[in-house]
1. Read through the list (1) of a type in the set (A, V, I, L, M, F, W, C); (2) open to solvent by less than 40 Å² (accessible area, probe 1.4 Å); (3) at pLDDT 90 or above, then give the number of the only condition that VAL38 fails.
2. For ASP192, indicate whether it is within 29 Å of ARG119 (Cβ to Cβ) and loosely packed, with under 14 Cβ neighbours inside 10 Å.
3. Based on this model, can you work out whether LEU227 counts as modelled with pLDDT of 95 or more, open to solvent by 40 Å² or more (accessible area, probe 1.4 Å) and either of a type in the set (S, T, N, Q) or not in a loop (DSSP other than H, G, I, E, B) (or both)?
4. Under 6 Å by Cβ, and 6 or more places apart or on different chains, what pairs join a residue from the range 50-66 that is closer than 21 Å to GLU208 by Cβ and at pLDDT 90 or above with one that is in a helix (DSSP H, G or I) and open to solvent by 50 Å² or more (accessible area, probe 1.4 Å)?
5. Show the residue pairs that are 6+ apart or on different chains and have beta-carbon atoms under 9 Å apart, the first residue being within the range 116-136 and at positive phi, the second being open to solvent by 90 Å² or more (accessible area, probe 1.4 Å).
6. Any residue at all in the range 232-248 that's surrounded by 15 or more Cβ atoms within 10 Å (Cβ to Cβ), modelled with pLDDT of 95 or more and under 27 Å from the mean Cα position of the chain (by Cα)?
7. Testing ASP145 on (1) assigned to a loop (DSSP other than H, G, I, E, B); (2) within 44 Å of the chain's Cα centre (by Cα); (3) of a type in the set (Asp, Glu), one condition comes back false. Which one is that?
8. In the range 293-302, what residues are closer than 12 Å to VAL38 by Cβ and open to solvent by 60 Å² or more (accessible area, probe 1.4 Å)?
Amino acid sequence: SDAICNFVICNDSSLRSQPIIFNPDFFVEKLRHEKPEVFTELVVSNITRLIDLPGAELAQLMGEEDPKLPGANSTASGFFRSLMSLKRKEKGVVFGSPLTEEGIAQVSQLIEYLHKNLRAEGLFRVPGNSIRQQILKDALNSGTDIDLDSGDFHSNDVATLLKVFLGELPEPLLTHKHFHAHLKIADLTLFDEKGNKTSTPDKERQIEALQLLFLILPAPNRSLLKLLLDLLYQTAKKQDKNKMSAHNLALMFAPHILWPRNVTANDLQENITKLNNGVTFMIKHSQKLFKAPAYIRECARLHYLGSRAHTSKDDLDLLTSGSKEMQPLKSQKRSRLDTCHQEETQQRTEEALKELFRHVHNMPDSAKKKKLIRQFNKHPTALTPGSDVPTSPAPRRTRSRSFSGLIKRKVLGTPVILERKSRDATPEPERVSKENVHLLQKCGSPAHMSQAKLKPSDGRKEESCRRMRARLLSKDSSSL
């Protein structure tokens, strides 16, 4: 699989100039289809990191228990609930049936037509003609080709029929299992400097949670949801013409894609505002919600490229039958991938340490904060972000061990410490004769002579020693 993903051989010269399309979520989709249990566990573990789901709600999200929805145990039987139940009893090939790829293909004709007619005022709010809608509905159920551009249908007819299709699905587009998770996502808010919860929505965490939640939707639901949110996003962009903002569109579609089936507004009570605001948020940020988070993509990629095991024998045969010229390229590519992975891991670690460091300093004064700060101070190079690694001191310069250098320091009055000769010591260029050393010791250093009190009778001796010292220095310097 590594060779297949890295090298593509194209023998058609007409296609070589075309740009290569790369899907960043390739390994995510591969893991979803080949190992759904591993994929679901990976995504749900990150969802529970963002939102608090008790045991029962988590079991409902995983499909281990039937979802407990508002109004399910209510004995009230209103006219609205009875009417909706009667509508869903009339099942057709497309309308009233569970969502399938065939149904999406039929309904996508309505979505494509509406993309061309977004300027109609009151789109999705003004109802269309019921007769024309029934004709269009029968045509879609029978699978016949429809020419929506013929002028026989109005954009309001098509928009109303799209809402009817969503309302007659056996369960909402976002499914009953995800209902409680969407309520928790609407409650994600920012925290102040003291760690207290505020009323300001945390948009980044909400987007991340919706990205994860959409990853575990059934494939048909996710495909249709993307088509629908793209349409509503483009509709809201033209609200100066159609008078339909993102909030107005959310009021029209929240009962069809998010509200549980057979419930009324009274059953939802306080949650109705959260649900409507949640759909508004989805419409405004629809262009970001269908991309897998970076860490999910990385985990999926490492799941395949990080292991040496091949998925099947065919992959192994394909790799062994490749030319030898591809092997160095593969090794270079793998080394680059490993280097990039190490850099990304180091960068994520540094960012996490910085975030932890800022969080600790922003905490209110307490014993826990003092304890954490002491831990930072104990290991400043390991825990404190941005700390420089201590550098080793520069090596000391060794002194020359030549005998002539020793004589110079002796003459100039510098104290000399005799050291043993090492094996690596530099050879001495020339040795001074024994008589010269004897005379030098007899004369003494200038420092000692300056301190001693000389007698008048010793003037000649001093002059002779001075001349002898000059001759020795000139002879020594010429030898060096």
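The values are calculated or read from the model by the stated rules, or taken from the named source; none is laboratory data. Please read these numbers as outputs of a predicted model, since none were measured by experiment. All Cβ positions, glycine included, derive from the backbone under ideal geometry; neighbour counts span all protein chains shown. Just so you know, the surface numbers come from the protein's heavy atoms only, side chains and all, with ligands and any DNA or RNA stripped out. Shrake-Rupley method; radii C 1.70, N 1.55, O 1.52, S 1.80 Å.
1. VAL38 satisfies every listed condition except (2).
2. no
3. Criteria met by LEU227.
4. Here the result reads LEU50/ARG205; ILE51/LYS184, each pair linking the range 50-66 to a residue that is in a helix (DSSP H, G or I) and open to solvent by 50 Å² or more (accessible area, probe 1.4 Å).
5. GLY122/LYS243
6. Scanning the range 232-248 turns up at least one residue that is surrounded by 15 or more Cβ atoms within 10 Å (Cβ to Cβ), modelled with pLDDT of 95 or more and under 27 Å from the mean Cα position of the chain (by Cα).
7. Looking at each condition in turn, ASP145 falls short on (2).
8. CYS299
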